[in-house]
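Everything below concerns the one structure shown next.
The values are calculated or read from the model by the stated rules, or taken from the named source; none is laboratory data. None of the values given here were measured: they were computed from a predicted structure. Every residue, glycine among them, receives a Cβ derived from its backbone with ideal geometry; neighbour counts consider all protein chains shown. Keep in mind that these areas ignore ligands, DNA and RNA; they rest on the heavy atoms of the full protein, side chains included. Shrake-Rupley method; radii C 1.70, N 1.55, O 1.52, S 1.80 Å.
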Amino acid sequence: MNFCEECGHTLEHTEIEAYERRQVFDIPPVNLIVTEHRNQIKTCSHCGRLNKAAFPESVKYSVQYGPNILASAIYFKNHHFIPYERISGLFSDVMGIKICSGTIIRAERECSRNLEEFENMVREKLITSPVVHCDETGMKIKGKRHWLHVASNDKYTCYLAHPKRGSEAMDDMGILPEFKGTAVHDGWKPYNGYDCDHALCNAHLQRELTGIEENFKQQWAKEMNELLTEMKKYTDNCKEQIKDLDFEQVKALEERFNAVVIKGIEENPPSLNPQKKGTRGASPKTKARNLLERFMEHKKEILRFLTDLKVPFENNQAERDIRMMKLQQKISGTFRTTQGAEAFCRIRAYISTIRKNNLPVIESILAALKGAPLTIL
């Protein structure tokens, strides 16, 4: 600035009073760095043997990509679910690197092998946790129906891809058979067979209560929905204020729960579920009656959050952890091999655990590739 914008007087020798600052953030062009390793070759003057020095253990091929490139590729595939071909295009456009799908797949397999002990550590942490969230969802491997199982809490995540949905898969996962805390789930029958405390997801139940209220105009469903919300608000306040439960208050809320159930029985008399004559087996019941009986039979599991502040109101933790796996299949498609599905589950569980503990993702993947995954205490 050499002249006054108002009068045009020169400012060349005028003292600077202050600076107005503006900043531009950018990244430098990405340049590939090539590190050449040379081993010495010598012929023994005594016996004539040709001797070659050893390359570093990590340098296995005449030309290969380094760990930073491979860790980035694994990050794109297993955290952002970018398909292999698009990752190849990304590296080509941004870095001028031609990396094929096979290279990325080999890196994933190596990373997965290096994470076996980490997975075992996570499994042990979940077994000794006071609360574990469980869920499952369908997935396809080699075009066939499989199931993805998750067991998790706010610090750790464990996934298992399995051809079965029930207890056989849960046994193979190796958590619930030894778990003695509280398992939070949606009430699917195989979960109930394990020798631990159980808590039902009240978010699921509230959605069903809303459906009964809207479709069948049953007052008990409306009142139960509102009561569960009130109970959640009470326990949330106890947690926020770090105070113990008032068991007189808890008892009063439980009595109101019983009263709403009685009202539900009155709204669903036997005449609404008549016995079919001349047929075997139990007669079908209305949706309202089925839901009501769940509240009658599983009161303890439904209200577990009201008597133990460590237990959450819903199963959102497992649903969040499993939602990302559904997203992977929408973006990148199904799995072509069992080995690929297992590697993805192990790496994704590692990434999920790393993020839950506020650790850097790419650095953690790099550590796993080098055979030394981070340890979570």
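Compute the long axis of helix 287-297 from its Cα atoms, compare it with the longest principal axis of the Cα atoms of the chain, and write down the angle in degrees, 0 to 90, nearest 10. That works out to roughly 90 degrees.
Using a ≥ b ≥ c from the Cα gyration tensor of the stretch 211-355 (square roots of the eigenvalues), is it rounded, prolate or oblate, where a/c under 1.5 gives rounded and otherwise the larger of a/b and b/c decides, a/b for prolate? Oblate.
Quick one: longest stretch of the chain between exposed loop GluC sites (Glu not before Pro), exposed meaning at most 13 other C-beta atoms within 10 Å and loop per DSSP?
Details: sites that count: GLU5, GLU6, GLU12, GLU15, GLU17, GLU20, GLU36, GLU57.
Within the chain, the longest run free of exposed GluC sites (Glu not before Pro) spans 58-377.
Given the choices (i) 0.95; (ii) 1.15; (iii) 1.44, Cα Rg over 2.2 N^0.38 Å derived from the coordinates of this structure is entry (iii). Listed values for the stretch 228-237 are Karplus-derived 3J(HN,Hα) couplings in whole Hz (6.51 cos²θ - 1.76 cosθ + 1.60, θ = phi - 60°), namely 4, 5, 5, 4, 4, 4, 5, 5, 4, 5, and x replaces Gly and Pro. Going by accessible surface with a 1.4 Å probe and the largest first, LYS180, LYS77 read LYS180, LYS77. Springs between Cα atoms under 10 Å define the GNM used for the chain, and in it the highest mean-square fluctuation of TYR350, TYR19, TYR159 occurs at TYR19. Using alpha carbons only, how many degrees (0 to 90, rounded to 10) separate the axis of helix 84-95 from the longest principal axis of the chain? It is inclined by approximately 40 degrees. Extending 7 Å from Cα along the Cβ direction at MET324 and again at LYS155 yields two label points whose distance is 1.8 nm. Determine the shape class of the stretch 122-184: with a ≥ b ≥ c the square roots of the Cα gyration tensor eigenvalues, call it rounded for a/c under 1.5, and otherwise prolate if a/b is greater than b/c, oblate otherwise. In terms of gyration-tensor shape, prolate.
Label the stretch 179-251 by shape, choosing from rounded, prolate and oblate, from the square roots a ≥ b ≥ c of the eigenvalues of the Cα gyration tensor; if a/c is under 1.5 it is rounded, and otherwise prolate applies when a/b is larger than b/c, oblate when it is not. Here the stretch 179-251 falls in the oblate category. The length gained on full extension between LYS233 and GLN23, counted as 0.36 nm times the residue separation minus their Cα-Cα distance, comes to 71.0 nm.
Residue ranking by accessible heavy-atom surface, 1.4 Å probe, largest first, among CYS196, CYS4 comes out as CYS4, CYS196. Pairs from the table (LYS155/LYS299; LYS155/LYS330; LYS189/LYS222; LYS164/LYS239; LYS125/LYS326) lying more than 32 angstrom apart at Cα are LYS164/LYS239.
Given their separation in residues at 0.36 nm each and the Cα-Cα distance between them, HIS37 and LEU377 gain 118.6 nm when the chain is fully extended.
For the pair THR286 and ASP172, label points projected 7 Å from Cα toward Cβ lie 4.3 nm apart. Between the stretch 27-102 and the stretch 131-149, the alpha-carbon centres lie 35 Å apart.
Return the loop-located trypsin sites (Lys or Arg not before Pro) in the stretch 110-172 (DSSP other than H, G, I, E, B) with at most 12 other Cβ atoms within 10 Å of their own Cβ; answer none if there are none. Loop-located and lightly packed - LYS142. If you take all other residues with their beta carbon under 12 Å from the beta carbon of THR43, and give Lys and Arg +1 and Asp and Glu -1, the sum is +3. Calculated mean residue ellipticity at 222 nm for the chain: -15000 deg cm²/dmol, from DSSP H runs with n ≥ 4 weighted as -39500 (n - 2.57), summed, divided by the residue count and rounded to 500. Computed over protein heavy atoms with a 1.4 Å probe, the carbon and sulfur contribution to the accessible area of the stretch 33-143 reaches 51%. One chain, two ends: GLU297 and GLU240. Fully extended at 0.36 nm per residue, the span grows by 17.4 nm beyond their Cα-Cα distance. Using the Cβ-Cβ distance between HIS80 and VAL30 with R0 set to 25 Å, the FRET efficiency works out to roughly 0.90.
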